[in-house]
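Only one structure is covered here, and it is reproduced in the block below.
The values are calculated or read from the model by the stated rules, or taken from the named source; none is laboratory data. If you're wondering where the values come from, they're calculated on a predicted model, not measured in any experiment. Cβ placement follows ideal geometry from the backbone for every residue including glycine, while neighbour counts extend to all protein chains displayed. Surface accessibility is based on the protein's heavy atoms, side chains included, excluding ligands, DNA and RNA. Shrake-Rupley method; radii C 1.70, N 1.55, O 1.52, S 1.80 Å.
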Amino acid sequence: MSVRKRTTVVSSVLLAASLVGSMLMLRRVDALRTGATLEEVLYVTSPRTVKRMSLGYDGLMADIYWTRVVQYFGRQHQARTRRFDLLLPLLDITATLDPHLIVAYEFGSFFLAQQPPEGAGQPDAAVDFAERGIRENPTEWRLYYHLGFIHYLERKDYKAAAEAFQRGSEVPNAHPWLRTMAAAMAQFGGDTRTARFLWQKILESTQDKLIRANAVKRLRALEVDEVVPALEARVQLYHQNNGHLPASFPEMIAAGYLRGLPRDPLGYPYKLMPDGRVEVESPDDLPFINKGLPPGRQPNFLYIPPPAKK
(Lines give C-alpha, C1' and ligand atoms only; values in the text may rest on other atoms or scores of the structure.)
Protein backbone atom coordinates (compact mmCIF):
# COMPACT_ATOMS: atom_id res chain seq x y z
CA MET A 1 0.00 0.00 0.00
CA SER A 2 1.40 3.36 -1.00
CA VAL A 3 2.10 6.08 1.57
CA ARG A 4 -0.61 8.30 0.05
CA LYS A 5 -3.20 5.51 0.19
CA ARG A 6 -2.24 4.61 3.74
CA THR A 7 -2.61 8.26 4.77
CA THR A 8 -6.02 8.44 3.13
CA VAL A 9 -7.24 5.32 4.95
CA VAL A 10 -5.99 6.53 8.35
CA SER A 11 -7.54 9.96 7.82
CA SER A 12 -10.85 8.39 6.82
CA VAL A 13 -10.89 6.22 9.94
CA LEU A 14 -10.14 9.20 12.17
CA LEU A 15 -12.81 11.29 10.49
CA ALA A 16 -15.38 8.52 10.87
CA ALA A 17 -14.47 8.15 14.56
CA SER A 18 -14.81 11.90 15.08
CA LEU A 19 -18.20 11.94 13.37
CA VAL A 20 -19.42 9.05 15.52
CA GLY A 21 -18.13 10.79 18.64
CA SER A 22 -19.86 14.02 17.70
CA MET A 23 -23.13 12.25 16.98
CA LEU A 24 -22.98 10.47 20.34
CA MET A 25 -22.25 13.76 22.07
CA LEU A 26 -25.19 15.50 20.39
CA ARG A 27 -27.50 12.61 21.28
CA ARG A 28 -26.28 12.71 24.87
CA VAL A 29 -26.83 16.45 25.14
CA ASP A 30 -30.26 16.13 23.52
CA ALA A 31 -31.21 13.54 26.15
CA LEU A 32 -31.85 16.44 28.52
CA ARG A 33 -34.98 17.25 26.52
CA THR A 34 -36.54 14.02 27.73
CA GLY A 35 -35.78 14.47 31.41
CA ALA A 36 -32.27 13.10 31.88
CA THR A 37 -30.38 14.30 34.93
CA LEU A 38 -28.93 17.76 34.66
CA GLU A 39 -25.43 16.48 35.38
CA GLU A 40 -25.47 14.50 32.12
CA VAL A 41 -24.96 17.64 30.07
CA LEU A 42 -21.52 17.92 31.62
CA TYR A 43 -20.37 14.40 30.94
CA VAL A 44 -17.68 16.21 28.96
CA THR A 45 -16.54 18.83 31.44
CA SER A 46 -13.77 20.41 29.40
CA PRO A 47 -14.89 23.33 27.20
CA ARG A 48 -11.92 22.75 24.89
CA THR A 49 -12.85 19.11 24.43
CA VAL A 50 -16.43 20.04 23.57
CA LYS A 51 -15.13 22.61 21.09
CA ARG A 52 -12.90 20.04 19.38
CA MET A 53 -15.73 17.53 19.21
CA SER A 54 -18.07 20.05 17.60
CA LEU A 55 -16.17 19.64 14.29
CA GLY A 56 -16.54 23.27 13.38
CA TYR A 57 -20.19 23.57 14.41
CA ASP A 58 -19.21 25.77 17.34
CA GLY A 59 -22.11 28.18 16.90
CA LEU A 60 -24.68 25.40 16.83
CA MET A 61 -23.20 23.74 19.91
CA ALA A 62 -23.05 27.09 21.71
CA ASP A 63 -26.76 27.60 21.04
CA ILE A 64 -27.49 24.11 22.37
CA TYR A 65 -25.48 24.73 25.53
CA TRP A 66 -27.04 28.17 26.01
CA THR A 67 -30.44 26.49 25.82
CA ARG A 68 -29.24 24.13 28.52
CA VAL A 69 -28.15 27.09 30.65
CA VAL A 70 -31.61 28.63 30.43
CA GLN A 71 -33.34 25.29 31.11
CA TYR A 72 -31.08 24.55 34.06
CA PHE A 73 -31.44 28.00 35.58
CA GLY A 74 -35.20 27.99 35.07
CA ARG A 75 -35.58 24.56 36.65
CA GLN A 76 -33.45 25.47 39.67
CA HIS A 77 -35.17 28.82 40.07
CA GLN A 78 -38.62 27.26 39.87
CA ALA A 79 -37.61 24.71 42.52
CA ARG A 80 -36.46 27.63 44.74
CA THR A 81 -33.18 25.83 45.32
CA ARG A 82 -30.16 27.65 46.66
CA ARG A 83 -27.67 25.62 44.61
CA PHE A 84 -26.69 26.30 41.03
CA ASP A 85 -23.58 24.14 40.84
CA LEU A 86 -23.73 23.58 37.07
CA LEU A 87 -24.45 27.16 36.06
CA LEU A 88 -20.88 28.44 35.80
CA PRO A 89 -19.51 25.30 34.06
CA LEU A 90 -22.35 25.44 31.51
CA LEU A 91 -21.67 29.13 30.87
CA ASP A 92 -17.96 28.42 30.52
CA ILE A 93 -18.62 25.82 27.83
CA THR A 94 -21.09 28.11 26.05
CA ALA A 95 -18.68 31.05 25.95
CA THR A 96 -15.79 28.84 24.85
CA LEU A 97 -17.84 27.49 21.95
CA ASP A 98 -18.96 30.97 20.88
CA PRO A 99 -17.11 33.89 22.53
CA HIS A 100 -19.41 36.32 20.69
CA LEU A 101 -22.75 35.01 21.97
CA ILE A 102 -23.65 38.30 23.66
CA VAL A 103 -26.88 37.08 25.23
CA ALA A 104 -24.93 34.50 27.24
CA TYR A 105 -22.83 37.22 28.88
CA GLU A 106 -25.77 39.59 29.42
CA PHE A 107 -28.11 37.13 31.11
CA GLY A 108 -25.56 34.60 32.33
CA SER A 109 -23.80 37.22 34.44
CA PHE A 110 -27.10 38.17 36.10
CA PHE A 111 -27.99 34.51 36.65
CA LEU A 112 -24.69 34.21 38.51
CA ALA A 113 -24.90 37.49 40.40
CA GLN A 114 -28.36 37.42 41.99
CA GLN A 115 -28.66 36.06 45.49
CA PRO A 116 -30.30 32.63 46.01
CA PRO A 117 -32.94 31.55 45.28
CA GLU A 118 -33.12 34.19 42.53
CA GLY A 119 -29.66 33.26 41.27
CA ALA A 120 -26.40 31.55 42.12
CA GLY A 121 -25.21 34.21 44.56
CA GLN A 122 -21.78 34.45 42.92
CA PRO A 123 -21.32 38.17 42.14
CA ASP A 124 -17.55 37.92 41.82
CA ALA A 125 -17.89 35.10 39.28
CA ALA A 126 -20.51 37.21 37.51
CA VAL A 127 -18.05 40.10 37.25
CA ASP A 128 -15.37 37.77 35.86
CA PHE A 129 -17.82 36.38 33.30
CA ALA A 130 -18.97 39.85 32.23
CA GLU A 131 -15.35 41.00 31.92
CA ARG A 132 -14.66 37.92 29.81
CA GLY A 133 -17.46 38.99 27.49
CA ILE A 134 -16.00 42.49 27.28
CA ARG A 135 -12.55 41.14 26.42
CA GLU A 136 -14.06 39.11 23.60
CA ASN A 137 -16.47 41.85 22.50
CA PRO A 138 -14.96 45.21 23.50
CA THR A 139 -17.34 47.25 21.34
CA GLU A 140 -20.55 45.87 22.90
CA TRP A 141 -21.50 48.73 25.21
CA ARG A 142 -24.37 46.81 26.82
CA LEU A 143 -21.88 44.43 28.44
CA TYR A 144 -20.33 47.36 30.31
CA TYR A 145 -23.82 48.42 31.32
CA HIS A 146 -24.60 45.00 32.79
CA LEU A 147 -21.21 44.89 34.52
CA GLY A 148 -21.89 48.27 36.12
CA PHE A 149 -25.21 47.13 37.51
CA ILE A 150 -23.69 43.94 38.94
CA HIS A 151 -21.19 46.09 40.82
CA TYR A 152 -23.95 48.43 41.93
CA LEU A 153 -26.78 46.05 42.84
CA GLU A 154 -25.00 42.92 43.99
CA ARG A 155 -21.54 44.00 45.14
CA LYS A 156 -22.39 47.50 46.40
CA ASP A 157 -19.11 48.66 44.90
CA TYR A 158 -20.08 52.07 43.57
CA LYS A 159 -16.58 53.03 42.50
CA ALA A 160 -16.28 49.89 40.36
CA ALA A 161 -19.77 50.53 38.98
CA ALA A 162 -18.81 54.08 38.02
CA GLU A 163 -15.66 52.81 36.30
CA ALA A 164 -17.62 50.17 34.35
CA PHE A 165 -20.19 52.70 33.16
CA GLN A 166 -17.45 55.18 32.26
CA ARG A 167 -15.55 52.55 30.25
CA GLY A 168 -18.74 51.70 28.41
CA SER A 169 -19.47 55.34 27.66
CA GLU A 170 -16.20 55.53 25.70
CA VAL A 171 -17.27 52.76 23.30
CA PRO A 172 -18.31 54.10 19.87
CA ASN A 173 -22.09 54.55 19.57
CA ALA A 174 -22.63 53.79 23.28
CA HIS A 175 -25.90 54.93 24.80
CA PRO A 176 -25.51 58.39 26.42
CA TRP A 177 -27.06 57.11 29.66
CA LEU A 178 -23.79 55.30 30.39
CA ARG A 179 -22.09 58.60 31.11
CA THR A 180 -25.05 59.59 33.25
CA MET A 181 -24.80 56.38 35.25
CA ALA A 182 -21.04 56.76 35.68
CA ALA A 183 -21.53 60.19 37.21
CA ALA A 184 -24.46 59.03 39.34
CA MET A 185 -22.46 56.10 40.74
CA ALA A 186 -19.49 58.31 41.56
CA GLN A 187 -21.83 60.67 43.39
CA PHE A 188 -23.67 57.88 45.17
CA GLY A 189 -20.36 56.35 46.27
CA GLY A 190 -19.16 59.62 47.76
CA ASP A 191 -16.59 60.48 45.10
CA THR A 192 -17.81 64.04 44.72
CA ARG A 193 -14.78 65.23 42.81
CA THR A 194 -15.18 62.65 40.05
CA ALA A 195 -18.95 63.07 40.08
CA ARG A 196 -18.71 66.82 39.61
CA PHE A 197 -16.23 66.44 36.76
CA LEU A 198 -18.43 63.88 34.97
CA TRP A 199 -21.69 65.80 35.46
CA GLN A 200 -20.05 68.99 34.24
CA LYS A 201 -18.77 67.19 31.14
CA ILE A 202 -22.24 65.81 30.49
CA LEU A 203 -23.77 69.26 30.84
CA GLU A 204 -21.26 70.74 28.41
CA SER A 205 -21.39 68.01 25.80
CA THR A 206 -25.07 67.13 25.35
CA GLN A 207 -28.02 68.97 23.85
CA ASP A 208 -30.59 66.53 25.22
CA LYS A 209 -32.88 68.56 27.48
CA LEU A 210 -33.66 65.73 29.89
CA ILE A 211 -30.00 64.80 30.33
CA ARG A 212 -29.01 68.44 30.81
CA ALA A 213 -31.76 68.96 33.39
CA ASN A 214 -30.62 65.85 35.26
CA ALA A 215 -27.00 67.04 35.21
CA VAL A 216 -28.01 70.43 36.64
CA LYS A 217 -29.93 68.75 39.48
CA ARG A 218 -27.00 66.48 40.25
CA LEU A 219 -24.55 69.39 40.33
CA ARG A 220 -26.85 71.27 42.69
CA ALA A 221 -27.01 68.22 44.93
CA LEU A 222 -23.23 67.98 45.01
CA GLU A 223 -23.02 71.61 46.07
CA VAL A 224 -25.51 71.06 48.89
CA ASP A 225 -23.71 67.92 50.06
CA GLU A 226 -20.49 69.91 50.38
CA VAL A 227 -21.89 73.10 51.87
CA VAL A 228 -24.11 71.58 54.58
CA PRO A 229 -21.33 69.64 56.39
CA ALA A 230 -19.10 72.72 56.19
CA LEU A 231 -21.83 74.89 57.77
CA GLU A 232 -22.49 72.33 60.48
CA ALA A 233 -18.76 72.26 61.25
CA ARG A 234 -18.83 76.06 61.71
CA VAL A 235 -21.86 75.70 63.99
CA GLN A 236 -19.98 73.20 66.16
CA LEU A 237 -16.94 75.49 66.26
CA TYR A 238 -19.20 78.30 67.52
CA HIS A 239 -20.58 75.89 70.12
CA GLN A 240 -17.11 74.92 71.35
CA ASN A 241 -15.95 78.51 71.64
CA ASN A 242 -19.11 79.98 73.20
CA GLY A 243 -20.60 77.14 75.22
CA HIS A 244 -23.92 77.17 73.39
CA LEU A 245 -25.33 76.69 69.91
CA PRO A 246 -26.06 79.78 67.83
CA ALA A 247 -29.70 80.73 67.49
CA SER A 248 -29.35 81.82 63.87
CA PHE A 249 -26.94 82.37 61.04
CA PRO A 250 -27.06 86.18 61.53
CA GLU A 251 -25.74 85.55 65.07
CA MET A 252 -22.82 83.61 63.58
CA ILE A 253 -22.23 86.37 61.02
CA ALA A 254 -22.11 88.97 63.80
CA ALA A 255 -19.60 86.84 65.69
CA GLY A 256 -17.38 86.47 62.64
CA TYR A 257 -18.00 82.79 61.94
CA LEU A 258 -19.66 83.42 58.58
CA ARG A 259 -19.18 86.13 55.96
CA GLY A 260 -22.77 86.23 54.85
CA LEU A 261 -26.10 84.45 54.89
CA PRO A 262 -25.57 81.01 53.30
CA ARG A 263 -27.96 80.14 50.49
CA ASP A 264 -28.64 76.89 48.62
CA PRO A 265 -28.22 76.58 44.82
CA LEU A 266 -31.82 77.73 44.33
CA GLY A 267 -31.20 80.94 46.27
CA TYR A 268 -33.08 79.98 49.44
CA PRO A 269 -31.34 80.57 52.80
CA TYR A 270 -30.26 77.42 54.58
CA LYS A 271 -32.13 76.73 57.82
CA LEU A 272 -30.24 76.42 61.11
CA MET A 273 -32.10 74.00 63.37
CA PRO A 274 -32.11 74.20 67.21
CA ASP A 275 -29.93 71.07 67.49
CA GLY A 276 -27.23 72.52 65.22
CA ARG A 277 -28.21 70.70 62.07
CA VAL A 278 -28.52 72.54 58.78
CA GLU A 279 -31.43 71.87 56.41
CA VAL A 280 -32.43 73.10 52.98
CA GLU A 281 -35.60 75.14 52.63
CA SER A 282 -37.23 72.94 49.99
CA PRO A 283 -35.83 69.38 49.70
CA ASP A 284 -38.41 68.50 47.04
CA ASP A 285 -36.79 71.03 44.71
CA LEU A 286 -33.33 69.55 45.30
CA PRO A 287 -33.57 65.87 44.40
CA PHE A 288 -30.51 63.65 44.90
CA ILE A 289 -29.19 65.51 47.95
CA ASN A 290 -27.83 63.43 50.82
CA LYS A 291 -27.29 66.27 53.27
CA GLY A 292 -29.60 68.97 54.56
CA LEU A 293 -32.64 66.70 54.76
CA PRO A 294 -35.21 66.71 57.58
CA PRO A 295 -34.96 63.80 60.07
CA GLY A 296 -36.39 60.59 58.64
CA ARG A 297 -36.19 61.77 55.05
CA GLN A 298 -34.21 59.29 52.97
CA PRO A 299 -31.83 60.38 50.22
CA ASN A 300 -33.33 60.03 46.78
CA PHE A 301 -31.13 58.00 44.48
CA LEU A 302 -32.81 57.50 41.14
CA TYR A 303 -32.66 53.98 39.66
CA ILE A 304 -32.44 54.17 35.89
CA PRO A 305 -33.65 51.05 34.03
CA PRO A 306 -31.56 49.55 31.22
CA PRO A 307 -31.88 51.66 28.06
CA ALA A 308 -33.34 50.29 24.86
CA LYS A 309 -30.95 49.17 22.18
CA LYS A 310 -29.95 51.90 19.75
Would you mind checking region 218-258 for residues with the amide N under 18 Å from a putative spin-label position 7 Å along Cα→C-beta of Arg193? 222-223, 225-227, 230
With r as the distance between the Cβ atoms of Val103 and Glu226 and R0 = 45 Å, compute the FRET efficiency 1/(1 + (r/R0)^6) and round to 0.05. 0.55
Qualifying trypsin sites (Lys or Arg not before Pro) for region 89-158 [loop in DSSP, other Cβ within 10 Å: at most 16]: Lys156
Note down the net charge around Tyr268, summing +1 for each Lys or Arg and -1 for each Asp or Glu among other residues with Cβ under 9 Å from its Cβ. -1
So how strong a dipole does region 176-310 carry about its Cα centre when Lys and Arg Cβ are +1 and Asp and Glu Cβ are -1, to the nearest 20 debye? 640 debye
Could you compute how much accessible surface Lys291 exposes when probed at 1.4 Å, giving the result in Å² to the nearest 10? 90 Å²
Of Lys156/Lys271; Lys156/Lys291; Lys209/Lys271; Lys159/Lys271, which ones are farther than 29 Å apart at the Cα? Lys156/Lys271; Lys209/Lys271; Lys159/Lys271
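Got a sec? What order do Ser205, Ser248 fall in by accessible area at 1.4 Å, biggest, i.e. largest, first?
Ser205, Ser248
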Quick one: what Rg and Dmax do you get for region 176-310 from the alpha carbons, in Å? 17.2, 62
Qualifying GluC sites (Glu not before Pro) in region 88-186, DSSP loop, other Cβ atoms within 10 Å at most 16: Glu118, Glu170
Nothing charged except the Cβ atoms of Lys and Arg (+1) and of Asp and Glu (-1): what's the magnitude of the dipole of region 60-210 about its Cα centre? Round to the nearest 20 debye. 420 debye
Per residue accessible area of region 176-310, 1.4 Å probe, in Å²: 55 Å²
